[in-house]
Amino acid sequence: MTVLPILEIGHPTLRERARELTAEELAAPETQRLIDEMIETMRDAAGAGLATNQIGRPLRIAVAEVDHNRRYPYKPPIPLTVFVNPVIEPLDDELVAINEGCLSVPDLRGEVRRHVSVRVSYLDRDGGEHDEVKRGLTAGTFQHEVDHLDGVLFCDRADPRTLATWEQFERFHRDAFVERITEFAERVGS
Ligand code: NI
């Protein structure tokens, strides 16, 4: 098992736009190994997702998985998803404020307004084409990861007055956020 170092805010690679991969590049053994290492690194860090910029290889690949996540226990499950050359398109104008964190932005959380419903088009690790609708917190996770591939961090989009350390989030904001987002998740069915 290989756990890769995760770049932290201030590293210039986090600010690059990752480039698309060709079919040949995706099939290459080194790319497939990189995908395995990204999955192992995400799981080791208890992240909900990880994008290539965060491990210093700006190709358009991200991974996501949520299964009783200890950083985000209120997030609905996401089966392991490898998304290559993803394109996100909002389905309507509805937004929801989601409290986010990021493995590349240590000890900071904040509220980001995300689209509630998005269409995500991507290739899986075998080059298969997918075109899926994501909603609610899961849509937020996909928007966060595709932002990474465009060199954007959640704190760029966060309302600065909502920024908090993880300890102060737990102490003062967690209960209200979880109550609001749980009601929201029940309403949108995500
Ligand atoms: Ni992140």
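Every condition in (1) open to solvent by less than 40 Å² (accessible area, probe 1.4 Å); (2) closer than 17 Å to His144 by Cα is met by Ile88 except one, and the failing one is (1).
A quick yes/no check of all residues on (1) farther than 21 Å from Asp156 by Cβ; (2) in contact with a strand residue (DSSP E or B) (Cβ under 7 Å, 6 or more places away or on another chain); (3) open to solvent by less than 40 Å² (accessible area, probe 1.4 Å):
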| site | (1), (2), (3) |
| --- | --- |
| Leu4 | yes, no, yes |
| Glu20 | yes, yes, no |
| Glu24 | yes, no, no |
| Glu30 | yes, no, no |
| Arg33 | yes, no, no |
| Ala46 | yes, no, yes |
| Ala64 | no, yes, yes |
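Within region 147-163, being open to solvent by less than 40 Å² (accessible area, probe 1.4 Å) and either within 11 Å of the ligand (Cβ to nearest atom) or more than 14 Å from Ile98 (Cα to Cα) (or both) holds for Asp147, His148, Leu149, Gly151, Val152, Leu153, Phe154, Cys155. Note on region 23-61: among residues that are part of a strand (DSSP E or B) and farther than 26 Å from Thr165 by Cβ, the one that is farthest from the ligand (Cβ to nearest atom) is Leu59.
For region 6-18, a residue qualifies if it is surrounded by fewer than 13 Cβ atoms within 10 Å (Cβ to Cβ) and either assigned to a helix (DSSP H, G or I) or within 18 Å of the chain's Cα centre (by Cα) (or both), and the qualifying residues are Pro12, Arg17. Of all residues in region 110-154, those that are among the polar types (S, T, N, Q) and in a helix (DSSP H, G or I) total 3. Out of Gly140, Gly128, report the one residue that is among the small types (Gly, Ala, Ser) and away from the ligand (no atom under 16 Å from the Cβ). Only one candidate qualifies: Gly128.
Right, Gly140: under 14 Å from the mean Cα position of the chain (by Cα), surrounded by fewer than 18 Cβ atoms within 10 Å (Cβ to Cβ) and touching a residue at least 40 places away in the same chain (Cβ under 8 Å) or not? For Gly140, the condition - under 14 Å from the mean Cα position of the chain (by Cα), surrounded by fewer than 18 Cβ atoms within 10 Å (Cβ to Cβ) and touching a residue at least 40 places away in the same chain (Cβ under 8 Å) - is not met.
Filtering region 72-84 to residues that are of a type outside the set (Phe, Trp, Tyr) and touching a residue at least 12 places away in the same chain (Cβ under 8 Å) leaves Lys75, Pro76, Ile78, Pro79, Leu80, Thr81, Val82, Val84.
The single condition from (1) more than 12 Å from the ligand (Cβ to nearest atom); (2) of a type outside the set (Phe, Trp, Tyr); (3) over 18 Å from Glu65 (Cβ atoms) that Val105 fails is (1).
State yes or no: is Val87 within 16 Å of the ligand (Cβ to nearest atom), without any contact (Cβ under 8 Å) to a residue 60 or more places away in the chain and in a strand (DSSP E or B)? It would help to see each step written out before you state the result.
Numbers: within 16 Å of the ligand (Cβ to nearest atom): no; without any contact (Cβ under 8 Å) to a residue 60 or more places away in the chain: yes; in a strand (DSSP E or B): yes.
Here the answer is no, as Val87 does not meet what is asked.
Could we say that Val112 is of a type in the set (Val, Ile, Thr), modelled with pLDDT of 95 or more, farther than 18 Å from Val84 by Cβ and open to solvent by 20 Å² or more (accessible area, probe 1.4 Å) here? Here the answer is no, as Val112 does not meet what is asked.
Could you tell me whether Gly101 is open to solvent by less than 60 Å² (accessible area, probe 1.4 Å), touching a residue at least 60 places away in the same chain (Cβ under 8 Å) and under 20 Å from Leu14 (Cα atoms)? Spelling it out, Gly101 is indeed open to solvent by less than 60 Å² (accessible area, probe 1.4 Å), touching a residue at least 60 places away in the same chain (Cβ under 8 Å) and under 20 Å from Leu14 (Cα atoms).
The values are calculated or read from the model by the stated rules, or taken from the named source; none is laboratory data. Please read all numbers here as calculations on a predicted model, not as lab measurements. Backbone-built Cβ (ideal geometry, glycine too); neighbour counts: all protein chains shown. Each accessible area value is taken on the protein alone, full model and side chains, heavy atoms only, with ligands, DNA and RNA left out. Shrake-Rupley method; radii C 1.70, N 1.55, O 1.52, S 1.80 Å.
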